[in-house]
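Shown next, in structure tokens, is the structure this report addresses.
The values are calculated or read from the model by the stated rules, or taken from the named source; none is laboratory data. Please read these numbers as outputs of a predicted model, since none were measured by experiment. Glycine also receives a Cβ, built like all others from the backbone with ideal geometry; neighbour counts cover every protein chain displayed.
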Amino acid sequence: MELILGEESQEIQKRDFDLIIIGAGAAGLSAAVYATRAGLSCVVIDGSTPGGLTLEAPLVENYLGFTAIPGTDLAKEFLQHARNYTKIIDNNKVISIKKGEVFKLETEKGEFQSKAILFATGTKHKHLGIPGEPEYFGKGVSYCSTCDGWLFKNKKVLVIGGGNSGAIAAISMKNIVTEVKIFEFMPKYMCEDAYVKQIQSKGIEYKRNVQVLEIKGDGKLVKTVRYKDRTTGQESEENFDGIFIYVGLQPQSELAKSIGVELTDRGYIKTDRNCRTSVERVYAAGDVAGSFAQIVVAASDGAIAADSCYRDLYLK
């Protein structure tokens, strides 16, 4: 049995498709709409909650047609639109793929097969790899201010990483927490000027040239961060109730690699301008393909990939 985005559970009857789309973010859902409208039979499979990183955006202000919309609301719009065209199976991790005349996918909900595959698997948050980070994940350490920021109402929090994502996280939490600081490894502001102005106007401290060395706690909750000033070499400790880590993203390309898809030296899936990979009838779209990491670009990639798939399957 499957549960499709909150709809009633129903038996999975069809398991053979023209195209299987792995990933239900902006790229995957856009591809589903275009593929179905082109006459391809397809299904979207996602290992967790559909919506991708769009769900984590506190406010999206650069998606055409929406002056300002919470990421969760925009993701909901995407999902409702895609549901009109195809089936979306969430919380169904793809375990392995076998390549042949057709692709056979082993998932947590059984086997599926298709003539083509689209990887829209996106990226995931990088970890610092420091002592205390894994031990205190969910106990004060988080990678998503949209998800967990409200848990720290009237408390003191630290954002590690001062790029756009970290800046947005700090700005969005300013009205929730008592105090928020940003620690940035590089010696300069790493976010856009528009965010620098907001950080300064809101009185958020943005410490540069800082290396976080360790996260400490009492075994139950985060208590302290040990860090080093990279200019002087001096080490210090400071108390925080919550730690939000924004030090970049890494592509989720392991499945693609397992069937011989060529990757870049940074682990992203290599594609041509039409989202084709090095393996015939395998496509990639959105952040996992190293595209400019914007929702609108991911949606565009999904449309292009679906069109390429249709052409390869039925117009050659």
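Is the range 139-153 home to any residue that is in contact (Cβ under 8 Å) with a residue 60 or more places away in the chain, more than 30 Å from Asp73 (Cα to Cα) and among the acidic types (Asp, Glu)? Looking for residues that are in contact (Cβ under 8 Å) with a residue 60 or more places away in the chain, more than 30 Å from Asp73 (Cα to Cα) and among the acidic types (Asp, Glu), one finds none in the range 139-153, hence no. Return yes or no: is Glu77 outside any strand (DSSP E or B), under 25 Å from Arg208 (Cβ atoms) and more than 17 Å from the chain's Cα centre (by Cα)? The answer is no for Glu77.
Restricting Ser96, Ser48 to those that are modelled with pLDDT under 95 and not assigned by TED's automatic domain parsing to the domain that holds Val212 reduces the list to Ser48.
For the range 22-44, a residue qualifies if it is over 16 Å from the mean Cα position of the chain (by Cα), part of a helix (DSSP H, G or I) and among the hydrophobic types (A, V, I, L, M, F, W, C), and the qualifying residues are Ala31, Ala32, Val33, Ala35. If Phe292 satisfies all but one of (1) over 25 Å from Gly71 (Cβ atoms); (2) out of contact with any helix residue (DSSP H, G or I) (no Cβ under 8 Å at 6 or more places or on another chain), what's the number of the condition it fails? Going through (1) over 25 Å from Gly71 (Cβ atoms); (2) out of contact with any helix residue (DSSP H, G or I) (no Cβ under 8 Å at 6 or more places or on another chain) one by one, Phe292 breaks only (1). In the range 271-281, the condition of being farther than 19 Å from Ser114 by Cα, assigned to a loop (DSSP other than H, G, I, E, B) and of a type in the set (D, E, K, R) is met by at least one residue.
Scanning the range 232-241 for residues that are under 25 Å from Glu179 (Cα atoms) and either assigned by TED's automatic domain parsing to the domain that holds Ile22 or surrounded by fewer than 12 Cβ atoms within 10 Å (Cβ to Cβ) (or both) turns up Gln234, Ser236, Asn239.
The range 130-206 holds helices (runs of 4 or more DSSP H) entirely within its bounds, and those carrying 1 or more residues that are touching a Cys at 6+ places or on another chain (Cβ under 6 Å) map to 164-173.
For beta carbons closer than 6 Å, sequence separation of 6+ or different chains, a first residue in the range 297-315 that is assigned by TED's automatic domain parsing to the domain that holds Ala27 and in contact (Cβ under 8 Å) with a residue 24 or more places away in the chain and a second that is of a type in the set (Ser, Thr, Tyr) and surrounded by fewer than 24 Cβ atoms within 10 Å (Cβ to Cβ), the qualifying pairs are Asp301/Ser291; Ala303/Tyr34; Ala306/Tyr34.
Determine whether the range 191-205 contains at least one residue that is surrounded by 12 or more Cβ atoms within 10 Å (Cβ to Cβ), in contact (Cβ under 8 Å) with a residue 60 or more places away in the chain and of a type in the set (Ser, Thr, Tyr). No - not one qualifying residue is present in the range 191-205. Would you check if there is a residue in the range 259-270 being assigned to a strand (DSSP E or B) and farther than 30 Å from Lys153 by Cβ? Within the range 259-270, one or more residues are assigned to a strand (DSSP E or B) and farther than 30 Å from Lys153 by Cβ.
Determine the pairs where a residue that is outside any loop (DSSP other than H, G, I, E, B), located within the range 222-243, has a partner that is of a type in the set (Lys, Arg) and surrounded by 15 or more Cβ atoms within 10 Å (Cβ to Cβ) with Cβ atoms under 6 Å apart, the partner being 6 or more residues away or on another chain. Going by the 6 Å Cβ cut-off, the qualifying pairs are Lys223/Lys216; Thr224/Lys216; Glu235/Lys228; Glu237/Arg226.
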